Amino acid sequence: MVDTIAETPVLNRQQNHQPEDVACSQEYSVQEHRHHQSTDCQQAENEILYEEHDVFANGINIHYGRWYSRCNDEVGSPTAVCVHGLTANHRCWGTYAKFLVQHGVNVIGYDLRGRGLSSKPQKGYGVFGHLSDLAAFLRETGVEKPIIIGHSLGAMIGMAFAAEHPHNLSHLIMIDAGAPPTLAQLMKIMVVLRPSLARLNSTFRSPERYIEIIKSAPFIGSSWNEVIEDHCRYELEEVNGRWKCNIPLYVLDQEFQSFGGAIDPLVAIANALMDPIGLIMKAWPPRYFPYDKIQVPTLVLRAPGKNREAGDEFLTEDGMMMMKREIKDATVMTVPNTNHYTIVFAEHPERDKAILDFLTRD
């Protein structure tokens with residue numbers, strides 16, 4: 001059973017629950033849908049709507065949002081299923097959803113286990129745990145052959161899905177992830193992630209104070225917009241009169257352990273010294289980077305800008321070009337004037353054009 005929030009314009013969300021079947025079809029390509037959209041649909045029918053649902057899949061509740069238009073639904077538009085990063089939630093996809101729906105692609109974004117309003121069990125984390133969730137989620141919602149879009153950890157999950165289920169998606173878009181980092185790069189990435197991890201163990205006097213702190217982060221800067229604010233407010237919960245992020249700390253610890261690491265750098269070093277073979281087996285590159293098994297058209301988007309300091313990008317130019325060589329049908333693009341966060345949150349016409357060109361090419 002799926003609980004549905006009633007159809008509302010994306011900029012005026014209400015929460016009136018009504019049951020609805022939301023299975024999506026794949027009758028048309030993106031290009032064909034854009035033609036039907038322009039000739040058959042009235043402007044009012046193409047208003048961007050948003051609703052939220054819950055579905056029970058792989059033994060947990062998965063909460064998700066759906067951005068769509070009645071016009072897209074009428075002609076059976078393609079669906080993009082978006083997989084967010086390590087400490088994010090499904091609301092991070094608001095910017096992408098806006099331009100995709102307007103161009104004939106409905107969008108579903110879901111909260112990974114341990115995030116947002118999805119279940120937060122003690123186990124089942126790591127790329128392959130999330131892979132099982134994604135496969136079950138698609139079965140339960142009836143979404144067939146979606147476009148999979150993943151950012152950061154979500155890109156790794158998307159890549160694993162493309163390798164394990166090559167006939168169950170139409171396209172793969174990987175955003176700022178997908179190449180093995182060097183040790184030096186990994187250490188810089190951990191420095192970038194530290195503020196995101198720190199907020200999980202902190203409380204705040206009000207949602208406004210939380211927003212104020214996030215807004216001042218150097219990796220956000222002038223890119224602050226309503227999508228980022230919506231994303232931040234969505235992840236807040238009140239506990240004893242204080243406010244905190246609703247991602248439990250153990251969730252992130254489980255994620256790091258799945259790669260053979262830990263949130264605490266000293267614990268990670270100790271684990272490596274005590275069980276080096278186990279660490280190598282967990283982090284063995286072919287397990288996480290199965291390029292030879294990816295059969296669908298793939299677009300890799302890279303953010304070149306600094307997050308905290310120069311040289312701390314998550315996906316290097318060399319890494320991106322290696323993916324282009326190793327993946328059978330890969331297109332790559334460095335998205336100018338973006339970092340690991342703004343490549344998702346910010347509006348960017350060049351990025352949007354690259355995505356639409358990729359999805360509509362012959």
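Rule-based calculations on the coordinates, nothing more; no lab input. Treat the numbers as computed from the prediction; the structure is a model and nothing was measured. Cβ placement follows ideal geometry from the backbone for every residue including glycine, while neighbour counts extend to all protein chains displayed.
Within 10 Å of each candidate Cβ there may be at most 12 other Cβ atoms; applying that plus a DSSP loop requirement, which GluC sites (Glu not before Pro) in region 308-362 survive? Please report the intermediate quantities before stating the final value.
On the way: sites: 309, 313, 317, 326, 347, 350; in loops: 309, 313, 347.
Sparse-neighbourhood loop GluC sites (Glu not before Pro): 309.
Under a 5 Å amide H to amide H cut-off, with H placed in plane at 1.01 Å, what residues pair with residue 331 once short-range neighbours are removed?
Residues meeting the amide H criterion: 298, 299, 300.
Mind checking which lysines have their Cα closer than 20 Å to the Cα of residue 324? Skip sequence neighbours fewer than 8 apart in that chain.
Cα-Cα hits under 20 Å: 293, 353.
Restrict the search to region 118-222; then list the trypsin sites (Lys or Arg not before Pro) that DSSP places in a loop and that have at most 11 other Cβ atoms within 10 Å of their Cβ.
Working: sites: 123, 139, 188, 199, 205, 209, 215; in loops: 123, 205.
Hits after loop and neighbour filter: 123, 205.
Starting from 0.36 nm per residue, how many nanometres of slack lie between residue 239 and residue 202 once their C-alpha separation is accounted for?
On the way: separation 37, 0.36 × 37 = 13.32 nm, distance 1.14 nm.
Using 0.36 nm per residue and subtracting the Cα-Cα distance, I get 12.2 nm.
In whole Hz, what ³J(HN,Hα) sequence does region 343-358 give by Karplus (6.51, -1.76, 1.60; θ = phi - 60°), x for Gly and Pro?
5, 9, 7, 7, 6, 7, x, 5, 4, 5, 5, 4, 5, 5, 4, 5
So, R0 is 35 Å and r is the distance between the beta-carbons of residue 230 and residue 318; what FRET efficiency does that work out to, to 0.05? Mind dumping the intermediate values first?
Values: r = 35 Å, r/R0 = 1.01.
That pair, residue 230 with residue 318, gives E of 0.50.
Looking at region 305-338, which trypsin sites (Lys or Arg not before Pro) are DSSP coil and have at most 13 other C-beta atoms within 10 Å of their C-beta?
On the way: sites: 306, 308, 324, 325, 328; in loops: 306, 308, 328.
Answer by residue number: 328.
Multiplying the sequence separation of residue 184 and residue 123 by 0.36 nm and subtracting their Cα-Cα distance, what value in nm do you get?
Details: separation 61, 0.36 × 61 = 21.96 nm, distance 2.94 nm.
Gain on stretching residue 184 to residue 123: 19.0 nm.
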